[in-house]
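S.K.: My structure is below; once you've seen it, I'll send some questions.
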Amino acid sequence: MTTASEAVGFSAPRLVTKKVLAKSQSEGDGAVVRRSIGRPELKSLDPFLMLDEFSVSPPAGFPDHPHRGFETVTYMLEGAFTHQDFVGHKGTIRAGDVQWMTAGRGIIHSEMPAGPGVQKGLQLWVNLSSKDKMVEPNYQELLSEDIKHVEKDGVKVKIIAGESMGVKSSVYTRTPTMYLDFTLSPGAQMHQPFPESWNSFVYVLEGEGVFGSRDSSPISAHHVLVLGDGDGLSVWNNGSEPLRFVLIGGLPINEPVVQYGPFVMNTKAEIEQALQDYHYSKNGFEMAKNWRSR
């Protein structure tokens, strides 16, 4: 990544091709989310299936529910969430922490607020290729202090996955993915290279910024910005307040996607099989029959 004092040097800068405002909707049990990817205006962006910015206060939450065929990435922004699943895994992630869960062949879990007040975060759904959809479930959990970060020329970046400013994340991504959390001070700019073959987007968390080209209009919080082809993204903070956004990209899988709620496969037959497996507690859901979260 280059910063304000260095040359940009992109042969094909990525520009914003679509802007969608994330609108509030009900989800789970009394929870409210702002969904950006996964709504009618932007159903998916291969390999990404969904992005929610959630804001949850007890007793609301996301009680016991299944997944198959993809990964969920939960990034806490404020407060804490406790996760538990049907194989005995339990843990709490707090502000700045990340849980990267590979649901694979099947998981049933709950995600509930760990304390009073409002708990906020992002949840991203990353698709898996057909060869990985039925792998064993797996977790990568990162504490905030273990996530690498760099600060230079008014730009701070947390490197959840991928690489920025010469620093690489240790997270393993079955579907090659970059996940960066940027904060730009007023007057700062950043220029982040990207593999040209990847799809990418920005989600603005705080403030407003200019994305892609200097002469474009500033874009404010709660917007998702789909980026066009190119080898890098430039961002400028011309405002008086800090600008915070996540920049996420991934290698397209280019396979058919058939989704039925929390099951994402390649064919209708595989979805029907997933429903049967869940109903009859088999083929990855064996532990479901007598399990309830506490």
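The values are calculated or read from the model by the stated rules, or taken from the named source; none is laboratory data. Remember, it's a predicted structure, so these values are computed and weren't measured experimentally. We place every Cβ from the backbone using ideal geometry, glycine too, and count neighbours over all the protein chains shown. Ligands, DNA and RNA are excluded from the accessible area calculation, which covers all protein heavy atoms including side chains. Shrake-Rupley method; radii C 1.70, N 1.55, O 1.52, S 1.80 Å.
S.K.: What's the total number of residues in segment 151-172 that are in contact (Cβ under 8 Å) with a residue 60 or more places away in the chain, of a type in the set (S, T, N, Q) and open to solvent by 20 Å² or more (accessible area, probe 1.4 Å)?
M.R.: Result for segment 151-172: 0.
S.K.: Go through segment 30-43 residue by residue and tally those that are open to solvent by 10 Å² or more (accessible area, probe 1.4 Å), within 19 Å of T74 (Cβ to Cβ) and not in a strand (DSSP E or B).
M.R.: Going through segment 30-43 one residue at a time, the tally reaches 2.
S.K.: Going residue by residue through segment 203-211, is there one that turns out to be of a type in the set (A, V, I, L, M, F, W, C), out of contact with any Ser or Thr (no Cβ under 7 Å at 6 or more places or on another chain) and either in contact (Cβ under 8 Å) with a residue 60 or more places away in the chain or assigned to a strand (DSSP E or B) (or both)?
M.R.: Taking every residue of segment 203-211 in turn, at least one turns out to be of a type in the set (A, V, I, L, M, F, W, C), out of contact with any Ser or Thr (no Cβ under 7 Å at 6 or more places or on another chain) and either in contact (Cβ under 8 Å) with a residue 60 or more places away in the chain or assigned to a strand (DSSP E or B) (or both).
S.K.: Still on this structure, please answer the following. Out of all the residues in segment 231-247, is one or more in contact with a Leu (Cβ under 6 Å, 6 or more places away or on another chain), in a loop (DSSP other than H, G, I, E, B) and under 24 Å from E151 (Cβ atoms)?
M.R.: yes
Residue by residue, here is whether (1) among the β-branched types (V, I, T); (2) touching a Ser or Thr at 6+ places or on another chain (Cβ under 6 Å); (3) open to solvent by 10 Å² or more (accessible area, probe 1.4 Å); (4) in a strand (DSSP E or B) holds:
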residue: S55; (1), (2), (3), (4): no, no, yes, yes
residue: E71; (1), (2), (3), (4): no, yes, no, yes
residue: Y75; (1), (2), (3), (4): no, no, no, yes
residue: T92; (1), (2), (3), (4): yes, yes, yes, yes
residue: G104; (1), (2), (3), (4): no, no, no, no
residue: G117; (1), (2), (3), (4): no, no, yes, no
residue: M134; (1), (2), (3), (4): no, no, yes, no
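S.K.: So D64 fits all but one of (1) open to solvent by less than 10 Å² (accessible area, probe 1.4 Å); (2) over 18 Å from the mean Cα position of the chain (by Cα); what number is the exception?
M.R.: (1)
S.K.: Can we say S200 is within 20 Å of W125 (Cα to Cα), small (G, A, S) and either under 21 Å from the mean Cα position of the chain (by Cα) or in a strand (DSSP E or B) (or both)?
M.R.: Considered against the rule, which asks whether it is within 20 Å of W125 (Cα to Cα), small (G, A, S) and either under 21 Å from the mean Cα position of the chain (by Cα) or in a strand (DSSP E or B) (or both), S200 comes out as yes.
S.K.: Sort out which residues of segment 24-43 are of a type in the set (D, E, K, R) and in contact (Cβ under 8 Å) with a residue 12 or more places away in the chain, and write them in order of number.
M.R.: Residues satisfying the conditions are E27, D29, R34, R35, R39, E41.
S.K.: Kindly list, by first and then second residue, each pair from a residue in segment 212-224 that is farther than 14 Å from K23 by Cα to a residue that is in a loop (DSSP other than H, G, I, E, B), limited to pairs with Cβ atoms under 8 Å and residues at least 6 apart or on different chains.
M.R.: Close Cβ pairs satisfying both conditions: G212/R14; G212/L15; S213/L15; S216/L15; P218/N238; P218/G239.
S.K.: As an exercise: evaluate D146 against (1) without any contact (Cβ under 8 Å) to a residue 24 or more places away in the chain; (2) within 24 Å of H65 (Cα to Cα) and give the number of the one condition it does not meet.
M.R.: (2)
S.K.: Answer yes or no: is there a residue in segment 261-276 that is part of a strand (DSSP E or B), at negative phi and surrounded by fewer than 20 Cβ atoms within 10 Å (Cβ to Cβ).
M.R.: Looking for residues that are part of a strand (DSSP E or B), at negative phi and surrounded by fewer than 20 Cβ atoms within 10 Å (Cβ to Cβ), one finds none in segment 261-276, hence no.
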